[in-house]
Structures are given as C-alpha cells and as structure tokens.
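A.B. asks: Provided herewith is a single structure, encoded as structure tokens, for subsequent inquiry.
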Amino acid sequence: MTEAADPSQYVRTREKGTRDVTYPDPPEPLAVSVYDNHAHLEIEDGVGLSLDEQLDRAAAVGVIGVVQAGGDIASSRWSAWAAASHPRVLAAVAIHPNEAPAYAAEGRLGEAIGVIDELAGQPRVRAIGETGLDFFRTDADGIPAQYESFEAHIALAKKHDIAMQIHDRDAHDAVLETLERVGAPERTVFHCFSGDEAMARLAADRGYWLSFAGNVTFKNAQNLRDALAVTPRERILVETDAPFLTPTPHRGRPNAPYLIPVTVRFLAAELDVEVDELCAQLAANTLEVYGSFD
C-alpha cells in the first residue's frame, strides 16, 4: 500500500516468473470502435508500456477508451490522475476486497473509504470499483472487513450517482445477497464475470451488466460461454483486466487494451452475430454505464 506523493509516478510491477513477457502482435483493427471496460494500466508487465503507448496501441486497433480501475488508495489516486490527464481514460476507484482486511488491521479502513469518497467526486471518476467479495484469497478473519468495505462502496456509488464494478471470486451467492439486501446502485457491473448460466440470468434480470474478459476464450471456461449465451446483448460489456487474463492464443503473455479485438471477435463468434454489430452494441452499453469519454 505504498503511496507516491505524485500520483502520476505510482507504478506496480507484475512478477514475471517464467512467462513469455513479450507483448503479442496487434490484432486486425475493428471497423467499429469499442472500449475496454476494466484495466489496470498502472501495473507494468513485461517490457512495460507507458500509458500513452497503451492508449495509442489501443486506438490503432479501434479501442478508443479505457476504464482504469483502482484497488487501493495509491492505485485509485493514479486512476483518477490518469482520467483527468487523458481524454481516452475514465476512472473507477475503490478499495479491493482483498485489500480491505489489511486496511482494517491497520485501523485505516474508514480513512481509506474516505479517500475513495473524495476521489469519486472528480468529474472523470465514473465508477466505484473494483469492490465486492473474495472468499478465495481472504481467510475467515478478513471477511467482516470485506463486507464492511463492500457495503460502504455501494453507498458511495449511490451517493455520487456513478456506476459500480464488482469483484466476485468464489462469493457469488454472498455478493448477490448483499446487493439485494443493501440495494444495488443503478448501474452495477460484474467485472470479469465468473458465474454460470443461472447466475447470468439472475444478474441480467436484476438489471446488472456482465463484463467478459479474455478468460471467456479459455478451454476450461465453458461456464462463461454458457453465461454469455443467455445474457441479453444490451447487458454485455467487454474488458481486458490488463495485464491479466490475456485471451487465447496469447494466454500467459502481458495483456493490454489493444488485445480487446481478440476477445470481441470470440464473443461475436459465440453469439453468432456480426463483429461490427456486436461492437456497436458494446460501445453503446459502455457509454450507457459510464457516460461519454468526451
């Protein structure tokens, strides 16, 4: 939770391990432009690309805007700075559910949520996110802080009348129950949707948006393809979650917004629709949730 005095200087580095950390070649450009609904461009992966390089590569293949998501105070401040400084970026700000217990242990969770509240008042901060529940990485002792943080973030999205991006890992029922009990914000997005067909139907019926990332292309992700098949077109969004979840055939290599066309073409094939038609729908959906990038 290191915080730079100048938000623009903040950077995180992803562990490289034995991965191939070269960026894939750019895909064929899309004829109809779309947006990346969720990315973490403050995280340097592989050779590393500057924010301007990321945005220029994306624009060259028809990805004309990115929603940059935060997960702690430092990355949320960077996200707000990026959006204020770059017309192709909008920001989401939040304390990630896996960070909430650490802030709580330091006695700083209320302070951290206060920073998110302040950042959410900026005009190009258009979402609270990513927030939610994660029962995979957090043990039982940390769950109460996750709930406290999630419910506080829901309240912030309503207070500022902006969207909310949900992180949900191994917590489907608990997330859905919380949204029903507390009352979901008007524009609620399941970032990197990870549920199944039944959950997709329920989420869409409640008016939530489902955002599909590169993992929908993975061989072992039939549940995501089943969910996609039953999701109304007007409820579908697309994202990279860059630098993570790089779509097949580039899985494991650094992900970036310029690779969105790979996932979009896969979605179009699964849905048996023309790529241009799907792109137009995805763009309209993104603007409905977050507003204009202009």
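The values are calculated or read from the model by the stated rules, or taken from the named source; none is laboratory data. This is a predicted model, so every value here is computed, not measured. Positions of Cβ are backbone-derived with ideal geometry, glycine not excepted, and every protein chain shown enters the neighbour counts. These area figures cover heavy atoms from the full protein model, side chains too; ligands, DNA and RNA do not enter into them. Shrake-Rupley method; radii C 1.70, N 1.55, O 1.52, S 1.80 Å.
A.B. asks: Among the candidates Ala112, Ala157, single out the residue that is open to solvent by less than 60 Å² (accessible area, probe 1.4 Å), farther than 18 Å from Thr188 by Cα and in a helix (DSSP H, G or I).
C.D. replies: Ala112
A.B. asks: Given the conditions (1) in contact with a Phe, Trp or Tyr (Cβ under 9 Å, 6 or more places away or on another chain); (2) open to solvent by 20 Å² or more (accessible area, probe 1.4 Å); (3) within 23 Å of Met199 (Cα to Cα), report the number of the one that Arg181 does not fulfil.
C.D. replies: Condition not satisfied by Arg181: (1).
A.B. asks: For Ala82, are the conditions met, namely being in contact with a strand residue (DSSP E or B) (Cβ under 6 Å, 6 or more places away or on another chain) and at pLDDT 95 or above? Outline the logic, then answer.
C.D. replies: Values: in contact with a strand residue (DSSP E or B) (Cβ under 6 Å, 6 or more places away or on another chain): yes; at pLDDT 95 or above: yes.
Spelling it out, Ala82 is indeed in contact with a strand residue (DSSP E or B) (Cβ under 6 Å, 6 or more places away or on another chain) and at pLDDT 95 or above.
Rundown of residues vs (1) open to solvent by less than 60 Å² (accessible area, probe 1.4 Å); (2) assigned to a loop (DSSP other than H, G, I, E, B); (3) among the small types (Gly, Ala, Ser), yes/no style:
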{"position": "Phe193", "(1), (2), (3)": "yes, yes, no"}
{"position": "Arg201", "(1), (2), (3)": "no, no, no"}
{"position": "Gly207", "(1), (2), (3)": "yes, yes, yes"}
{"position": "Asn215", "(1), (2), (3)": "yes, no, no"}
{"position": "Ile260", "(1), (2), (3)": "yes, no, no"}
{"position": "Glu277", "(1), (2), (3)": "no, no, no"}
{"position": "Ala280", "(1), (2), (3)": "yes, no, yes"}
{"position": "Val289", "(1), (2), (3)": "yes, no, no"}
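A.B. asks: Let me ask something else. Identify all residues within segment 6-44 that are β-branched (Val, Ile, Thr) and open to solvent by less than 20 Å² (accessible area, probe 1.4 Å); write none if there are none.
C.D. replies: Val34, Ile43
A.B. asks: Which members of segment 65-88 meet the condition of being in contact with a helix residue (DSSP H, G or I) (Cβ under 7 Å, 6 or more places away or on another chain) and either surrounded by fewer than 23 Cβ atoms within 10 Å (Cβ to Cβ) or assigned to a helix (DSSP H, G or I) (or both)?
C.D. replies: Ile73, Ser76, Arg77, Trp78, Ala80, Trp81, Ala82, His86, Arg88
A.B. asks: For segment 125-153, how many residues are farther than 30 Å from Asp294 by Cα, of a type in the set (D, E, K, R) and in contact with a strand residue (DSSP E or B) (Cβ under 6 Å, 6 or more places away or on another chain)?
C.D. replies: 1
A.B. asks: Before we move on, is Leu55 open to solvent by less than 50 Å² (accessible area, probe 1.4 Å), in a loop (DSSP other than H, G, I, E, B), of a type in the set (A, V, I, L, M) and touching a residue at least 24 places away in the same chain (Cβ under 8 Å)?
C.D. replies: no
A.B. asks: Could I ask something else about it? Of the conditions (1) closer than 29 Å to His86 by Cα; (2) in contact (Cβ under 8 Å) with a residue 40 or more places away in the chain, Pro247 satisfies every one except a single condition; which number is it?
C.D. replies: (2)
A.B. asks: Another question, then. Just the residues that are modelled with pLDDT of 95 or more and either small (Gly, Ala, Ser) or open to solvent by 50 Å² or more (accessible area, probe 1.4 Å) (or both), please, taken from segment 136-154.
C.D. replies: Going residue by residue through segment 136-154, those that are modelled with pLDDT of 95 or more are 143-154.
The answer is Pro144, Ala145, Tyr147, Glu148, Ser149, Glu151, Ala152.
A.B. asks: Given the conditions (1) open to solvent by less than 10 Å² (accessible area, probe 1.4 Å); (2) within 17 Å of the chain's Cα centre (by Cα); (3) closer than 27 Å to Glu53 by Cβ, and given that Ile236 satisfies all but one, which numbered condition is not satisfied?
C.D. replies: Here Ile236 meets the rest and fails (3).
A.B. asks: Looking only at segment 263-274, which residues are under 22 Å from Asp56 (Cα atoms) and more than 17 Å from the chain's Cα centre (by Cα)?
C.D. replies: Hit for segment 263-274 is Arg265, nothing else.
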